[in-house]
Amino acid sequence: MLKLIGDKKKNVAVFISGTGSNFLNLIKHSFKRNSKYKIELVVSSSPRAKGLNHAKKYKIKKKIINYNNLKSSEKKILFELKKNKIKLICLAGFMKILSKNFIKRYNGKIINIHPSLLPKYKGLDTHQRAINNKEKFSGCTVHYVNSKLDSGKIILQKKVKIFKYDSGYKLSKRILKQEHILYPKSLKKVLINL
Ligand code: GRF
């Protein structure tokens, strides 16, 4: 049968370190009729990451990297990315910092989801810090990755209200729900230009 021009799905890799709820959500979205991507590979910085179970269930290739040595770890990852013709890398709870060199190699092709309204609350413990500072809103941001932590160009953001007696836990759950809407939307936006 003739293949329609432009109907080819782009290969995406997701990098995780833990639960992988964003990973699972992106897998599910990739099965939708209009999806423009396929998750071809998952890279995990831990063999114990719960998210690896999703790779097993959905038969996605996985690469576990022990990160004892940054240079050789990234060399192994780059090899897998090339082998699997990866066009876009999605960081989803990936707890390692990528080297400048790595980012340069995939410049404009690495995106991340962060649970705050960047540029506010870069780094860890974002929910509690936002509550402690008596913010009225927090939220989530999908952004391009550059060599500075949580600082690349913003792709999309979603605000989430902070309630009077909120806890970091409750807020994180409400934000995560929004992350699951925002990340696939952002992918759609980014993939048009790749
Ligand atoms: C999410 O809150 C994401 O914004 C942050 O790490 C968390 C990962 O959650 N970068 P999960 O592993 O996708 O469930």
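The values are calculated or read from the model by the stated rules, or taken from the named source; none is laboratory data. Worth saying up front: this structure is predicted, and the values here are computed from it rather than measured. No Cβ is skipped: glycine too gets one built from the backbone with ideal geometry, and neighbour counts run over all protein chains shown. Note: accessible area is taken over every heavy atom of the protein model, side chains too, but ligands, DNA and RNA are not part of it. Shrake-Rupley method; radii C 1.70, N 1.55, O 1.52, S 1.80 Å.
Looking at this structure, is Leu171 under 22 Å from Gly20 (Cβ atoms) and in a helix (DSSP H, G or I)? Working first, answer last.
Details: under 22 Å from Gly20 (Cβ atoms): yes; in a helix (DSSP H, G or I): yes.
Yes.
With the requirement that a residue be without any contact (Cβ under 8 Å) to a residue 40 or more places away in the chain and under 14 Å from Val142 (Cβ atoms), what does the stretch 161-184 give you?
Across the stretch 161-184, the qualifying residues are Gln178, Ile181.
Any chance the stretch 153-163 includes a residue that's among the polar types (S, T, N, Q), part of a strand (DSSP E or B) and either buried (at least 16 other Cβ atoms within 10 Å of the Cβ) or over 19 Å from the mean Cα position of the chain (by Cα) (or both)? It would help to see each step written out before you state the result.
Here is the first cut: in the stretch 153-163, the residues among the polar types (S, T, N, Q) are 157.
This time we only want the ones that are part of a strand (DSSP E or B), so: 157.
Those left that are additionally either buried (at least 16 other Cβ atoms within 10 Å of the Cβ) or over 19 Å from the mean Cα position of the chain (by Cα) (or both): 157.
Scanning the stretch 153-163 turns up at least one residue that is among the polar types (S, T, N, Q), part of a strand (DSSP E or B) and either buried (at least 16 other Cβ atoms within 10 Å of the Cβ) or over 19 Å from the mean Cα position of the chain (by Cα) (or both).
Specify which of the listed residues (Ile103, Ile154, Ile113) is of a type in the set (A, V, I, L, M) and touching a helix residue (DSSP H, G or I) at 6+ places or on another chain (Cβ under 6 Å).
Details: Ile103 fails: touching a helix residue (DSSP H, G or I) at 6+ places or on another chain (Cβ under 6 Å); Ile154 fails: touching a helix residue (DSSP H, G or I) at 6+ places or on another chain (Cβ under 6 Å).
Selected residue: Ile113, the only one of Ile103, Ile154, Ile113 that is of a type in the set (A, V, I, L, M) and touching a helix residue (DSSP H, G or I) at 6+ places or on another chain (Cβ under 6 Å).
Checking the conditions here, which among Leu88, Leu98 is closer than 22 Å to Thr19 by Cα and more than 14 Å from the ligand (Cβ to nearest atom)? Spell out the reasoning first.
Numbers: Leu98 fails: more than 14 Å from the ligand (Cβ to nearest atom).
So the residue among Leu88, Leu98 that is closer than 22 Å to Thr19 by Cα and more than 14 Å from the ligand (Cβ to nearest atom) is Leu88.
Please verify whether the stretch 62-74 includes one or more residues that are open to solvent by less than 10 Å² (accessible area, probe 1.4 Å), out of contact with any strand residue (DSSP E or B) (no Cβ under 8 Å at 6 or more places or on another chain) and modelled with pLDDT of 95 or more. So that I can check it myself, show each step before the final result.
First pass over the stretch 62-74, keeping only residues open to solvent by less than 10 Å² (accessible area, probe 1.4 Å): 65, 73.
After this cut, where a residue has to be out of contact with any strand residue (DSSP E or B) (no Cβ under 8 Å at 6 or more places or on another chain) as well, the list is 73.
Next, only the ones that are modelled with pLDDT of 95 or more stay: 73.
Yes, the stretch 62-74 contains at least one residue that is open to solvent by less than 10 Å² (accessible area, probe 1.4 Å), out of contact with any strand residue (DSSP E or B) (no Cβ under 8 Å at 6 or more places or on another chain) and modelled with pLDDT of 95 or more.
Which residues, counting only those in the stretch 166-190, are closer than 12 Å to His29 by Cβ and out of contact with any Leu (no Cβ under 8 Å at 6 or more places or on another chain)?
Looking only at the stretch 166-190, we keep the residues that are closer than 12 Å to His29 by Cβ, and these are 180-188.
His180, Ile181, Lys188, listed by residue number.
Mind listing whichever residues of the stretch 28-82 are charged (D, E, K, R) and in a strand (DSSP E or B)?
Initial filter on the stretch 28-82 (charged (D, E, K, R)): 28, 32-33, 36, 38, 40, 48, 50, 56-57, 59, 61-63, 71, 74-76, 80, 82.
If the condition is that a residue be charged (D, E, K, R) and in a strand (DSSP E or B), then Lys38, Glu40, Lys61, Lys62, Lys63 are the ones that fit.
What pairs can you find where one residue is in the stretch 108-133 and open to solvent by 70 Å² or more (accessible area, probe 1.4 Å), the other is among the charged types (D, E, K, R) and within 11 Å of the ligand (Cβ to nearest atom), and their Cβ atoms are less than 8 Å apart, with a gap of 6+ or different chains?
Pro119/Asp150; Lys122/Asp150
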